[in-house]
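This report refers to the structure that appears directly beneath it.
The values are calculated or read from the model by the stated rules, or taken from the named source; none is laboratory data. The structure presented is a predicted model; accordingly, all values stated were derived computationally and were not measured. Cβ: placed from backbone, ideal geometry, glycine included. Neighbour counts: every protein chain shown. Note: accessible area is taken over every heavy atom of the protein model, side chains too, but ligands, DNA and RNA are not part of it. Shrake-Rupley method; radii C 1.70, N 1.55, O 1.52, S 1.80 Å.
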Amino acid sequence: MRLTLHIWRQKNAREKGRMVTYELDGVSEDMSFLEMLDMLNEKLMRNGEEPVAFDHDCREGICGACSLAVNGIPHGHEPLTTICQLHMRKFRDGDAIYIEPWRARAFPVIKDLVTDRSALDRIIAAGGYISVHTGGVPDANAILIGKEEAERAMDFAACIGCGACVAACKNSSAMLFVAAKIAQFAYLPQGQPERKRRALAMVAKMDEEGFGACSNLYECEAVCPKGISVSAIALMNRDFIRAKLTEVPQKTTAGGG
Amino acid sequence: MASFFSFLRSSILSKVVMAATGIILLLFLIGHMLGNMQMYLGPARMNAYAAMLQGLGGALWIVRAVLFLSVVLHVITSIRLKLSNMAAKPSAYVRKKWVKATLTSRTMFLTGSTIALFVTYHLLHFTFKATHPQYAGLRDTFGRMDVYAMVIAAYREPLISLVYIAAMVLLGFHLNHATLSALQTLGVNHPKYNGFIEKLSITVSLLIVLGFISIPCGVFLEIIKPVQATVAGGM
Ligand code: FES
């Protein structure tokens, strides 16, 4: 098949980017979207041009590295599919395809289609973990967890942290991501001791990193390749409100013990 | 004052304030709409109701204060959210396609600001009577403020009726997203009740809007008529 590709090219973080049009012929239906871009890059390199930079790693929909907005939708038009898992048979011969990087203040473009998503890592570092003692491996069934709770926690733990939720949101809000990371622990006994502290710390970090606030459009849920439900956001709000109401104000008194 | 507005620094607290003040204003709208329905019961009931409200004294001022505070907080917080949300998305997509977000949900700030302008006009019109000083002299046979006659006089002006109807349609768009959104923000989201909540919120916003719109329509169709006409017609 023959395609017209409109791709965002940007030299580096400082320079302004623009859309550049490429014609690509001989694309196979069996190629993945990223293989199609590989083909374009080989052609560009043969012609002595700079290849298009884009993020990818596993190419099997589990790592969250790939991050392209295709025709205005993060990860393209196929629901519950990362762009690395989208195949060219979902497009038609002669199609014009717009390829852009995630757009958000918190995700600055590094080059072309590659953005810096380390803001998400810093939110995790703020509280997206449980504290455990190192040492011997704990007994598998030492802590009993109901099947339903385990399933629910797993639904939220499916988040691969790709940032499509932020990319789709008109406010570049990271609330679906943060909520999934809070909710995956909220249903498990291991998540309870740090539950309130986690909600406060992760939400505070999220605000600090310059993400917007959720307007409940649910566009994030629609584009999420893992189908994370916005019910996570309601849970996060409950946890955050409860933590705020019961928060003990930590006054730092000068000279205090 | 600084600590009172410190919630504005937090995204979720700002949203909670939007939701809480929004729900207060929604409850007021329900009351206001039900009050308006008494236009159908004739001048005696309508004017008695209005006089009763005026006679509440202290309680009326408490309600007014709560409403005023809610409006102020709702507006200030919405501006804060709008500004920080815009800052969070400095560059737009060359191509953008919405998968799920509805038009009404994406235009909350626009419908909200238009409603704010309308409410200002509405207060100048009926409450302060600044645009129509002649309303102040309207009295019924008991010497009460003749709200019934005032409303009919107002909606006999086609331009005013059209402005009111248009504003109510925008209010409907706003409420359509607002009710569900407020509950989600406050953490109410459960697969068992979501369907019911959705239906309830659509029904409530529709009833509010239809109720309000029915008054200018009723005046236009002469279902709601001036007193003289009623008497003449009755004889
Ligand atoms: S490359 Fe790993 S999810 Fe797409």
(request) In Å and from the alpha-carbon atoms only, list the Rg and Dmax of region A:3-111. (result) 13.4, 37
(request) Return the long-range amide H neighbours of residue A:212 (sequence gap of 5 or more, or a different chain), with a cut-off of under 5 Å between placed amide H atoms. (result) A:173, A:174
(request) Within region A:61-143, report the chymotrypsin sites (Phe, Trp or Tyr not before Pro) that DSSP leaves as loop and that have at most 15 other Cβ atoms within 10 Å. (result) A:129
(request) Give me the number: length gained by fully extending residue B:142 to residue B:30, i.e. 0.36 nm times residue separation minus the C-alpha to C-alpha distance, one decimal in nm. (result) 37.5 nm
(request) Mind jotting down the distance between the C-alpha centroids of region A:10-78 and region B:1-24, whole Å? (result) 42 Å
(request) Enter the accessible area of residue A:21 (Å², nearest 10), with the probe set to 1.4 Å and all protein chains included. (result) 80 Å²
(request) Count neighbours as other Cβ atoms within 10 Å of each site's Cβ, and list the trypsin sites (Lys or Arg not before Pro) in region A:59-143 that are DSSP loop with at most 10 such neighbours. (result) A:92
(message) Using a Förster radius of 35 Å, what is the FRET efficiency between residue B:107 and residue B:217 based on their Cβ-Cβ separation? Nearest 0.05, please.
(response) 0.90
(request) With 30 Å as the limit, write out which pairs from A:16/A:181; A:147/B:15; A:170/A:196; A:90/B:192 have Cα-Cα distances beyond it, or answer none. (result) A:16/A:181; A:147/B:15; A:90/B:192
(request) Would you kindly state how much longer the chain becomes between residue A:190 and residue A:58 on full extension, computed as 0.36 nm times their sequence separation minus their alpha carbon distance, in nm to one decimal? (result) 44.6 nm
(request) Send over a whole-number figure in Å² for the accessible area per residue of the protein assembly as shown, probe 1.4 Å. (result) 52 Å²
(request) Mind telling me which of B:32, B:177, B:132 comes out most flexible in a GNM of chain B, alpha-carbon contacts under 10 Å? (result) B:132
(message) Calculate the FRET efficiency for residue A:151 and residue A:130 from the Cβ-Cβ distance with a Förster distance of 22 Å, rounded to the nearest 0.05.
(response) 0.70
(message) Taking just the alpha-carbon atoms of region B:153-228, what radius of gyration and Dmax come out, in angstrom?
(response) 16.6, 56
(message) Once you order the gyration tensor axes a ≥ b ≥ c over the Cα atoms, which shape class does region A:116-257 get: rounded for a/c under 1.5, otherwise prolate or oblate by comparing a/b with b/c?
(response) oblate
(request) Quick one: which residues, 5+ away or cross-chain, put their amide H under 5 Å from the amide H of residue A:75? H built at 1.01 Å from N. (result) A:68, A:69, A:70
(message) Within chain B, which is the longest segment that contains none of the chymotrypsin sites (Phe, Trp or Tyr not before Pro) sitting in a DSSP loop with at most 13 other Cβ atoms within 10 Å?
(response) B:1-127
(request) Under a 10 Å cutoff between Cα atoms, tell me which one of B:91, B:11, B:214 has the largest fluctuation in the Gaussian network model of chain B. (result) B:91
(message) Using a Gaussian network model on chain B with a 10 Å cutoff between Cα atoms, which of B:101, B:178, B:51 fluctuates the most?
(response) B:101
(request) Using only the Cα atoms of the protein assembly as shown, build the gyration tensor, take square roots of its eigenvalues as a ≥ b ≥ c, and label the shape rounded, prolate or oblate: rounded if a/c is under 1.5, else prolate if a/b is larger than b/c, else oblate. (result) prolate
(request) Give the percent of DSSP beta bridges with both residues in the protein assembly as shown that are antiparallel, rounded to the nearest 5. (result) 75 percent
(request) Would you mind finding the longest exposed-site-free stretch of chain A, with exposed GluC sites (Glu not before Pro) meaning DSSP loop and at most 14 other Cβ atoms within 10 Å? (result) A:61-246
(message) Once you place label points 7 Å from the Cα toward the Cβ at residue B:198 and residue A:46, how far apart are they in nm?
(response) 5.0 nm
(request) Express in Å², to the nearest 10, the accessible area of residue B:52 obtained by rolling a 1.4 Å probe over the protein heavy atoms while all chains stay in place. (result) 100 Å²
(request) Could you run the Karplus curve 6.51 cos²θ - 1.76 cosθ + 1.60 with θ = phi - 60° over region A:93-108 and give me ³J(HN,Hα) per residue in whole Hz, x for Gly and Pro? (result) 4, x, 5, 9, 10, 9, 10, 10, x, 3, 10, 6, 4, 6, 10, x
(request) Can you tell me the FRET efficiency between residue A:31 and residue A:9 if r is taken as the Cβ-Cβ distance and R0 is 25 Å, rounded to the nearest 0.05? (result) 0.70
